[in-house]
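The values are calculated or read from the model by the stated rules, or taken from the named source; none is laboratory data. Keep in mind it's a predicted model, so treat the numbers as computed, not measured. As a convention, Cβ positions derive from the backbone with ideal geometry for all residues, glycine included, and neighbour counts pool all protein chains shown.
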C-alpha cells in the first residue's frame, strides 16, 4: 500500500489528459482524467501496449454512462458471455475478457460491471472509433492552446494527487481498522421478513443451475440473476430494478442499501462478521474490485459460506467465502472489498422480565429485591452469547442482535432474598416469534422468596395417652389458625400486644396423627397464596377441635426471624391439650333367616357372648387399663336379645364386635361388626342390619313304616311332626316303600311346601315338601330348626285297626344331620330312662339339674329331676349324663357315661347323689366327755337359723348341709357350766363325716340362770369395696476525506479562474 501511495503522489502520468475527441455539440474537447496506474490495472487487468493505444484512440465509453448496443461479433451480441472454463486471473483475464471495462468518472464507486443485467459494458461509444471526425479534430489545435492545456494538466495532476492521496490514506486506515460494521447493525433494515429456516431449503434447491451470462431464470443465470431471482421469489421483494431485465448488481445494491451492516476487505473480515453475529444467513453480499466497482453478488449462508452463481465452470454453487475470495471467477470477478446487507429479519434480541412469586409477601419488604438477578443466554451449541441483569422492576435486556435460532436462558445468580431459579427457558428467535422491535420477551417462572419457612403447632391428649391420642382420636383433624403480622418480632411479647392490628396473611392447618400441624403457606386477604412464612410474628389459635375433643381457648405467639438472612427460625411452639370423648355400644342378636330379634324353634337369642376389640391405631383406656390395638376392651353377653355397655365405657375410636360364644341352637358366626365412638356420650346401636345374626341349626328326620308281623312296607301313612317349643306342626307321608323324610334331597322343601297339613285321608301327597320356621323354605338347609319334636302317627286307611305310634320325642340339635327314626312298627321306640336317686334310698331325688351330651359333646337335653324317672328318646350311640347342679344339701356327683344299643327297647341309667354329714359334739373341758343338756343352735353364713337341738350323750348329726360357712352357738349351757364362745365352721363338699366340737367349762360357783348372749345371728362382716376407677463501542477518516476533496475543488477553481484571465488578456 505504501508503494502504491508513492506512485500515486509522484508519478508524472497521474492526471495526464488523454487526447480527447471534440464534442459535436460545443466543438470543444471532452475532458477525461486518467486513472491512477494501480487502480486502473486492478480494475481492468494488466493490458498490452496495443490495448492501451486503442484505449487512447477513443475506445472508452462516453461520460453519459449510456451503454451502446453490442456489436454482432461481440459475445454480448451473440447472447452469451465470453467463454470461461475455470477461474482465471491477471493478464489471462484481460486477454479473455473483451471488450474491456470502461473508465470511471469519479471515485470510489462509479460504474458497474453488471449494469442493466450484463456482466460487463464493452462496446465502443458511437462516433468515437479510430479515424473518425472526432479523432481528426482532436489532433488539430494551436500552440497557445497546448500551453494552456499544459498548465491546466499540471493543476489537475496536483488536484488528483491530493484526492488520491486522501483515498489511499482512507484505505490504509480502513485496512487497519478491519471490517467496518454498520454503526447500528442491530437497526439495519432487512430486505424481507422471511425466516432463514424457510428460505434455506428453497435456496439450496437452486444449486446446480447453469451459469448463463445475462441469464435471469432457473434455466440459467449469472450472479445478479440468481440473487435477483431469490429476492423476488424467495424473499418476496420483487425484482431489484423492477424487472429481471433491470436487475444488476447496482440495482440489487440499491434495493438493499438501507440494510448495510458490514464492510470488509478480506476473508478474515467476513469470518469475524459471521462469528460476531453481524453477518447472518440470508444476508445479501456485494463484492467490489480494487477500483470499487461492483463485480459480484451472493447470498450469505451458514458457517461462513455463500450461495452464488459463480462461473460457467461452477454454475450456481454453495462455497466457503475464503475459497471464493482467493479466486478470479471470470468476467472481471476479482475482489478487493465487500459489503454485507441485511437480507432477512433473521436476528432478534432477547429481553427478560421476572417477578416475585409471592408479591403479597415481598413487596415493600426490604429483605426481598428483584434487582441483580443474572441470566446467561446460551446458543444451541451451549456457548454463552449474552448476559441479562435485572433491575428493581425485574426487567433485563434486551441483548444485542442474535441470529435466529434456538437459545436457552438460565439464571446464574439469584437476587437478594430469592432462591436460584432452577428452570431453563428455551427461546426461539425468528420472524414469527419476535415483536415489532424484533425482541422476544422471556418471562421466567416467578422467583420464589428465599426467606420463607414453616410454623408448627401440636396437640396432646389431656388424659395422658401420649402425643398420638387414644384409639382413633389420634389428635388428627384439629383446625388451627395462623395469623401473620408484619411487625418486628423483638417488639412483641405476647398475643395481647397485637390486639387492634390486622394480620396481613393467614393460614389454617390441620393436625396429623402425631398431633402436629405445620403451615408452610399463607393467604392474603385478596386470596393470594404465599408459599412460606414471611418474617414477622404469628398468633396460633384453635378454630375447630378434632372429632371427640373440646376446642381450646388458648392462643400462642410464634416469632419468625432470620439472623443470617438465609435461614429462617421460628421460635416457640404452640401446644394444646385435648380431652377425649367417650361412648358405649348396644349389640342386638338376630336370627339370620328371619332377621328378627327372636329365635326359631327351641333356640335362644340370649347367652351370646361378644368381645369388643380395639380396632383403632392406638391404645385406649378402658376402666383405667390400657387396651392395645387388637386387644379385647370389653366382654358382653346378650340378655333379652341384646348386650349393652356403659355409656362412657369406650373412648373415641374404632372397634370391632365379634361373637365368641353362639347362643343355644345357633351356629357360631365369624362376622365382625365394626363401629366407632364418634361423639361424647354416644351409645352406638348395632341393631337392624348391623346386628349380629346367626344361622339356626337345622336338621331332618326320616323313618320307615312297616306292618307289624310281616314287616310289609306301609305306604300313605301320615305322620305329624310338632315343635315342642312353638307348637308348629306339619305332616309327612310315607311313599310306596313306606319311607318318609323331611330332607330336601328326598322331597324339596319348596315342592308343595306343607301341602299335607290340610289334606284328608285319601288325598295325602307323599312328594310334598316340609318346612318349619318363619323364614321361607330353603332347599340347602334342613327342614327342622333346633328343637324337640314329637312325631305321631295319624290314622289313615293303611293303618286302620292298628294301634298308632306316638307321640315319639325326637330332638334336632345338630346342624345338617338327619335323625333316623328307624323302622317303625306299632312297637314303642327305644327309650332311655334316667333315674336320679339319693345315696340313702330308692326314691327319686328331685331338684337336680341334669344334662345329656352325645359323643361329640353336643347337648341333647337338659331337665330338672322330679319324683319320677325322666324318659327320653335317644338314638343308638354313646352319651354322658352330667349333673349341672345338685339338690340342696347334696353333692354334685361324677358324670355317668352310657350306651344306647341297637335293638334294646329300654336303657336304664341311674345317677346317685351323696350328701354332707356333720357331727356336732358338746364336751366337758376337763374330761372331754360328752356333755348333755346344752341348747345349741346352728346359723348359716346369712345368719339364718338352720337347726336347734339339745346335746346328748352322742354327737348330734346333721345331714345334707349345703357346703359353706356356719356358726355354732350355745344358747343355754348345762347346769353348772359357763356358756361357750361361738364356734365358726366350714362345711366342705365331701361325703365324709365332718366334726364340729364345742367345749364347756364348769362354773366356779353355782350356775346362774339366764344367759347374756344374745340370740341374734352374728353380724355379717362388711367386705371392702372394690373397683374404684382413676385416670393422663471512525468519523476522523470521513472528515479527512471531505477536507481533501474540498481542497482539490478549490485548487481546480483557482486554476480555471487563472486560465480565464489569461484567455481574456489574449483577446
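Values as computed for the structure displayed
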quantity: Residue count for the range 842-878, restricted to those that are under 20 Å from residue 724 (Cβ atoms) and in contact with a strand residue (DSSP E or B) (Cβ under 8 Å, 6 or more places away or on another chain); calculated: 22
quantity: Members of the range 525-555 that are surrounded by fewer than 21 Cβ atoms within 10 Å (Cβ to Cβ) and at pLDDT 90 or above; calculated: 541, 543, 544, 555
quantity: Leading residue by the ranking (farthest from the chain's Cα centre (by Cα)) among those in the range 661-675 that are surrounded by fewer than 19 Cβ atoms within 10 Å (Cβ to Cβ) and not in a strand (DSSP E or B); calculated: 664
quantity: Unique residue being surrounded by fewer than 16 Cβ atoms within 10 Å (Cβ to Cβ), more than 27 Å from the chain's Cα centre (by Cα) and under 30 Å from residue 461 (Cα atoms) when the list is 488, 497; calculated: 497
quantity: Within the range 676-685, tally of residues that are surrounded by 19 or more Cβ atoms within 10 Å (Cβ to Cβ) and either at pLDDT 95 or above or outside any strand (DSSP E or B) (or both); calculated: 1
quantity: Hits in the range 686-706 - residues which are outside any loop (DSSP other than H, G, I, E, B) and farther than 30 Å from residue 811 by Cα; calculated: 686, 688, 689, 690
quantity: Qualifying residue in the range 318-336 (condition: in a strand (DSSP E or B), in contact with a helix residue (DSSP H, G or I) (Cβ under 6 Å, 6 or more places away or on another chain), more than 30 Å from residue 524 (Cα to Cα) and at pLDDT 95 or above); calculated: no
quantity: Residue among 729, 707, 723 that alone is in contact with a helix residue (DSSP H, G or I) (Cβ under 9 Å, 6 or more places away or on another chain) and in the same structural domain as residue 788 (by TED's automatic domain parsing); calculated: 729
quantity: Subset tally (residues that are within 21 Å of residue 310 (Cα to Cα) and touching a helix residue (DSSP H, G or I) at 6+ places or on another chain (Cβ under 6 Å)) for the range 266-294; calculated: 11
quantity: Residue, modelled with the highest pLDDT, within the range 830-847, restricted to residues that are buried (at least 18 other Cβ atoms within 10 Å of the Cβ) and within 12 Å of residue 870 (Cα to Cα); calculated: 834
quantity: Hey, residue 340 in a strand (DSSP E or B) and closer than 30 Å to residue 224 by Cβ or not; calculated: yes
